[in-house]
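Have a look at the structure below before the remarks.
The values are calculated or read from the model by the stated rules, or taken from the named source; none is laboratory data. Please read these numbers as outputs of a predicted model, since none were measured by experiment. Backbone-built Cβ (ideal geometry, glycine too); neighbour counts: all protein chains shown.
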Amino acid sequence: MADTLGDLTNVDMKVYPTNECKSNCHFCMTDLRWKNTEAPTEKYLSNFKKAFEDYFNAGGRKVLFTGGEPTNRPDKLIGMLKLISNYPLDLVVIYTSGVNLLTPYTHNSQEVTLLQALSGEGLKDYNLSVHHYELHKRQELTSQKVCDLESIVEEAKELDLNIRLNCTLMKDYIGNAQEVMKYVDYARSLGVQDIYFRDLFHLANRDRSCAHANKAKLAFTDSQRVDFDTLVSEIKLIPNMQFNETLNRHRENGRTYIFDHLGTRISFGTLVVGTEKEDEITYMNFQPDGCAYRDMNGPESKLDL
Ligand code: SF4
């Protein structure tokens, strides 16, 4: 018998076209969790259609494309955007390193950039992973040449897209209030007014949350995790920093603190992995194998749709 999804209002659908990513970041969450074999495009899209319709019918309204690097599979992305284009959703967003956004892509028989193609299919919200305001610090965290951020932001402005910078908080990078504000100044100099500072995941019940983890990346993550609550307290004391609200996310496993500083939206998010309940869906995880899972911990959380 198929699984009952329950009420998925306020539950995200996290969609992974692939786990592949050449960036190989030292702190990559994808490398801390179980990976499965990738389904070919046609099968993936047909399974996605069914899973998305089930998600939508259960009240879900937020689709997040993530990975791995989702833009490594542009045909899957374009196919999914077409499938969801007629549904009234609250949010459709991509999380990307940006490395492929300016590469050529043939779309509707025209040579455009991938960013133009995605925009043409209705994708307006882009969450770009940028983990430092200095290029060489960004580069030392990853194996692949980092994206040309300035050019992406320029093209996004021309296409009237929404850009948010996503910065992972790390002790030796952006890890205290002073560094946070330098980063904010850098984002503003690019014309970006929306920044999300993400805490490294807290990994509870490690026999469950870390069962499939790359040990070197797990050690790096543990060594770089900041004292998130203290940092947020310090941020509240910064002049002109207005605290707006706290959001609970992912069925109380995560919290986001949202501020405004002179017109810039600045958010701080933290998440515990490994405390998800087994009888409810924390995130509808649609994985590269073309199957849906109720959390990120392993094959045992697969949903029978
Ligand atoms: S860009 Fe993202 S998916 Fe790719 S290695 Fe870095 S953290 Fe992982």
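Screening LEU8, LEU45 for residues that are without any contact (Cβ under 8 Å) to a residue 40 or more places away in the chain and closer than 15 Å to ALA292 by Cβ leaves exactly one candidate, LEU45. Of the numbered conditions (1) aliphatic (A, V, I, L, M); (2) touching a residue at least 40 places away in the same chain (Cβ under 8 Å); (3) closer than 25 Å to MET13 by Cβ, LEU102 satisfies every one except a single condition; which is it? Going through (1) aliphatic (A, V, I, L, M); (2) touching a residue at least 40 places away in the same chain (Cβ under 8 Å); (3) closer than 25 Å to MET13 by Cβ one by one, LEU102 breaks only (3). Yes or no: segment 210-226 includes at least one residue that is without any contact (Cβ under 8 Å) to a residue 12 or more places away in the chain, under 30 Å from GLY6 (Cβ atoms) and in contact with a strand residue (DSSP E or B) (Cβ under 6 Å, 6 or more places away or on another chain). Looking for residues that are without any contact (Cβ under 8 Å) to a residue 12 or more places away in the chain, under 30 Å from GLY6 (Cβ atoms) and in contact with a strand residue (DSSP E or B) (Cβ under 6 Å, 6 or more places away or on another chain), one finds none in segment 210-226, hence no. Any residue at all in segment 41-50 that's among the β-branched types (Val, Ile, Thr), within 11 Å of the ligand (Cβ to nearest atom), within 18 Å of LEU83 (Cα to Cα) and at pLDDT 95 or above? No, segment 41-50 has no match at all.
Across segment 53-69, which residue is nearest to the ligand (Cβ to nearest atom) among those that are closer than 17 Å to SER85 by Cβ and buried (at least 22 other Cβ atoms within 10 Å of the Cβ)? This residue is PHE65.
For segment 150-161, check the following and say yes or no: at least one residue is of a type outside the set (Gly, Ala, Ser), surrounded by fewer than 20 Cβ atoms within 10 Å (Cβ to Cβ) and closer than 23 Å to VAL15 by Cα. Yes, segment 150-161 has at least one match. Is at least one residue of segment 14-26 more than 12 Å from the ligand (Cβ to nearest atom) and modelled with pLDDT of 95 or more? Scanning segment 14-26, I find at least one residue that is more than 12 Å from the ligand (Cβ to nearest atom) and modelled with pLDDT of 95 or more, so the answer is yes. Taking each residue of segment 257-272 that is outside any strand (DSSP E or B) and looking for partners that are at pLDDT 95 or above with beta-carbon atoms closer than 6 Å, six or more apart or interchain, yields LEU262/ASN240.
Checking the stated criteria, LEU45 turns out to be more than 16 Å from the chain's Cα centre (by Cα) and under 19 Å from PRO74 (Cα atoms). Looking across ARG198, ARG188, ARG225, ARG208, one residue alone is of a type in the set (Lys, Arg) and modelled with pLDDT under 95. It is ARG208.
Just one of the numbered conditions (1) more than 15 Å from the ligand (Cβ to nearest atom); (2) surrounded by 15 or more Cβ atoms within 10 Å (Cβ to Cβ) is not true of ARG33: (1). Scanning segment 204-236 for residues that are surrounded by fewer than 17 Cβ atoms within 10 Å (Cβ to Cβ), of a type in the set (Ser, Thr, Tyr) and within 18 Å of TYR173 (Cβ to Cβ) returns SER223, THR230.
What residue, among those in segment 136-174 that are assigned to a helix (DSSP H, G or I) and within 16 Å of the ligand (Cβ to nearest atom), is nearest to ARG198 (Cα to Cα)? Here the answer is ARG138. Could you give every pair whose Cβ atoms fall below 6 Å, whose first residue belongs to segment 81-98 and is over 17 Å from GLY120 (Cβ atoms), and whose second residue is part of a strand (DSSP E or B) and at pLDDT below 95, counting only separations of at least 6 or pairs across chains? Close Cβ pairs satisfying both conditions: none exist.
THR106 meets all of the listed conditions (1) out of contact with any Pro (no Cβ under 6 Å at 6 or more places or on another chain); (2) closer than 27 Å to CYS25 by Cα; (3) away from the ligand (no atom under 14 Å from the Cβ); (4) not aliphatic (A, V, I, L, M) but one, namely (2).
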